[in-house]
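Chemist: Before I ask anything, let me first share the structure, which is written out below as structure tokens.
Throughout, read-outs are computed from the coordinates displayed, never taken from laboratory work. Since the model is a prediction, treat every value here as computed from it, not as a measurement. Note: ideal-geometry Cβ built from the backbone for every residue, glycine included; neighbour counts use all protein chains shown.
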Amino acid sequence: MGGVEIQRVSSDRELDALVGLFNRLETSSVTPARMKTMRQAMRRRDVLAWSDGRPVGFGLVGLFPGMEETPEAAARFAVLPEHRRRGIGGRLHAELCRLARELGRDALEVQVPGSDERSREWLERRGYRETERLFSLRLDLVASTLPALSVPPGVQLVSFADQPEHAVALFDLVRETIADVPGTVGEQVPEDFEAWAALELDPQSRPPEFAILALDGVTLAGAGWVQRDGIEKVWHSYTGVRRPWRGRGIARAVKLAQLHAARATGCRYSLTDNHVDNAPIAKLNRELGYEPYDVKITLVGGTVG
């Protein structure tokens, strides 16, 4: 297409342009420092679409920790509304397919909101198929009355900020518990501690004071952490309890401790996703007052060859 160029992101100027577009087009926000961390930890290839010297679209493709053996790479791409229907999305998609092959993958995994029917239909016309569905949930921390925090007997709640020496134990906990999560998340057990820690223990986006550890003596029985999304929002990204400690209310205590901490620092909303088949966490989220506002649909494309 004349007047449009697709280029790899390589300079700080281009990274700033990528961050600006991402924050404008996506429902979550990211800082330049966080974007750099994600690019390194995910071995990501990022591109921008330029028109008349201005960035009008972006594409990202990489591998989350735990995707070392998957046939697909995680991808996102979007174009500014005023520049759509010009073929730019198709060109971004083609470039992401090529970059996925550099990563040794022959398919792309993308996620779209259920409310975005046009994007889902665009992907389906190109051979993508739905593989899973998540409920998007929101809790208004100001309007809601949070239950009082009750900690199970014999369990102590501490923050990762106070006891960062539990980093490796957290990694082991995730590897044990994530396999019980329905869907693709449960299939993506991380293998590389350094890559996992760069993403999940990054203090720039995951405040360590919001990462709550549940200790039974010296044993890490459960944990949970959130991602800070701007000033008003936190994204509740993980809650896990080891099997022998389940059914004692530890997950509820961990989530409540995080919600109280987030509200105390001025956060207005807590967001989270819930796989349609994850009944235990769905029940807990309902009890805490979370309400659905959309769904997220994961689709996987055919071969990118």
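Chemist: Given the conditions (1) buried (at least 16 other Cβ atoms within 10 Å of the Cβ); (2) touching a strand residue (DSSP E or B) at 6+ places or on another chain (Cβ under 6 Å), and given that Ser115 satisfies all but one, which numbered condition is not satisfied?
Modeler: Single failed check for Ser115: (1).
Chemist: Which members of the stretch 160-186 meet the condition of being farther than 19 Å from Ala41 by Cβ and under 15 Å from the mean Cα position of the chain (by Cα)?
Modeler: Scanning the stretch 160-186 gives Val181, Gly183, Gly186.
Chemist: Take the residues in the stretch 1-14 that are among the aliphatic types (A, V, I, L, M) and in a strand (DSSP E or B), then tell me which one is nearest to Ala94 (Cα to Cα).
Modeler: The first filter runs over the stretch 1-14 and keeps only residues among the aliphatic types (A, V, I, L, M), leaving 1, 4, 6, 9.
Now drop any that are not in a strand (DSSP E or B), which leaves 4, 6.
Values: Val4: 14, Ile6: 10 Å.
Applying the filter and picking the extreme gives Ile6.
Chemist: Of all residues in the stretch 238-254, which are in contact (Cβ under 8 Å) with a residue 12 or more places away in the chain and part of a loop (DSSP other than H, G, I, E, B)?
Modeler: Arg242, Arg248, Gly249
Chemist: A further question follows. Tell me, which helices (runs of 4 or more DSSP H) lie completely within the stretch 137-226 with 2 or more residues that are under 19 Å from Asn278 (Cβ atoms)?
Modeler: Numbers: elements: 167-177, 184-187, 193-200.
So the answer is 167-177, 184-187.
Chemist: I'm trying to understand the selection: among the residues of the stretch 2-14, which are closer than 17 Å to Arg98 by Cβ and touching a residue at least 12 places away in the same chain (Cβ under 8 Å)?
Modeler: Restricting attention to the stretch 2-14, the residues satisfying the condition of being closer than 17 Å to Arg98 by Cβ are 4-10.
Correct list: Val4, Glu5, Ile6, Gln7, Arg8, Val9.
Chemist: Got at least one residue in the stretch 194-211 being in contact with a Gly (Cβ under 6 Å, 6 or more places away or on another chain) and closer than 30 Å to Ala73 by Cα?
Modeler: Taking the stretch 194-211 and keeping what is in contact with a Gly (Cβ under 6 Å, 6 or more places away or on another chain), we get none.
No, every residue in the stretch 194-211 fails to be in contact with a Gly (Cβ under 6 Å, 6 or more places away or on another chain) and closer than 30 Å to Ala73 by Cα.
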